[in-house]
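In what follows, a single structure is set out as structure tokens and then discussed.
No lab work stands behind these numbers, since they all come straight from the coordinates. Remember, it's a predicted structure, so these values are computed and weren't measured experimentally. Neighbour counts run over all protein chains shown; Cβ positions are idealised from the backbone, glycine included.
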């Protein structure tokens, strides 16, 4: 069922309204046909009752020799009258609820003393012409039987003075479904008008929702999003206003934290420079070298902190790039720097992602450098999924203890026990990488490979953010 429905809210609402409209019209038509059928049957039955009452009156008032002439004159293609000693309906009762009998009694002015019997039965097969039907009426009977459904036969037996019975046999058919072209045209025109009106009206609802979804996606990728106009129904205007306020608060919060971190790293440079100068003045060589190494490590940590702050910033404009070409360039640069890095497989063709090139290059370079540093080599592959692209970086190193797979993303966390900058870095590389990837609306996950080594899986959304 989901495959048959449109994917958009507007399309689904239009389909729902049209289906409801068609079902309602179908039910109305069904009730109309049923009521029309009952009305036609009632009219034909009452007509037969009226004619039967009139014939009874004529027979009882006219001389006996005129009775055959009266019966011949009363006969029609669908109503036959006969006079006999026995009733055609051999059981008392009224299959139509007594309506026909009451009608005949009312017309004859008699009470319940006159015996009147009525029988109704449905004919499930084609009805043969009535006995004695004239030749010219045969064509009319055949035309009526064409396409007729479940004809009904009514038999009436009325006791006549003198001990005889007037037997009446009449047939009528369920009226055929009448759906003229003018009704079809009116139905189609009403459906088109409803679709157009609903389609235009829903634009006030779905238009702001599409813009809100595009703005939310852009904000998740760290892109600058202009303030959305508050349009549409009151609920949508409140939702848009809440989104604008949220965006403003988030932007101010990130900007303040970034400025604070950058200012802290910048202000630490001056005292570190002074400490290095004083360390150089120490006379003991071993102490001087140790102090200089400590100051250099602190200096490196400050520079890494500033880099981390720049990684949190989102001032670089985003671009749509070919991911395969983007990664190939990174692999070439890493190889030129002396690392053993290779691009595996032929996946990634046609994957277009929207990103800030310099920031993303920095994040992926950190991951590649970690793979080369701890795993001696890096193997990179690309995959395309449902609306996402994946960059997978594998190495052949010792991996990471399972309980540390998430903690290594925290700032200044280093699993390398020597604490040396040459072997362990400052502990900000993975933090910077995840910050940048999250700013692009992506995700990074680390896992140990069963055959040995570590795998870093980076997932990024495909395409451009919707407007």
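Here are some notes:
- Prolate/oblate/rounded call for the stretch 316-467, Cα gyration tensor, a/c under 1.5 rounded: prolate
- Chain lengthening between residue 250 and residue 188 when straightened (0.36 nm per residue, less Cα-Cα): 17.2 nm
- Ranking of 253, 21 by count of other Cβ atoms within 10 Å, fewest first: 253, 21
- Packing-based exposure ordering (other Cβ within 10 Å, fewest first) of 153, 217, 451, 280: 451, 280, 153, 217
- Neighbour-count order for 251, 100, fewest beta carbons within 10 angstrom listed first: 251, 100
- Mean Cβ count within 10 Å, highest first, over the residues of peptides 223-231, 361-369, 284-292: 361-369, 223-231, 284-292
- Rounded if a/c under 1.5, otherwise prolate or oblate - the stretch 181-254, Cα gyration tensor axes: prolate
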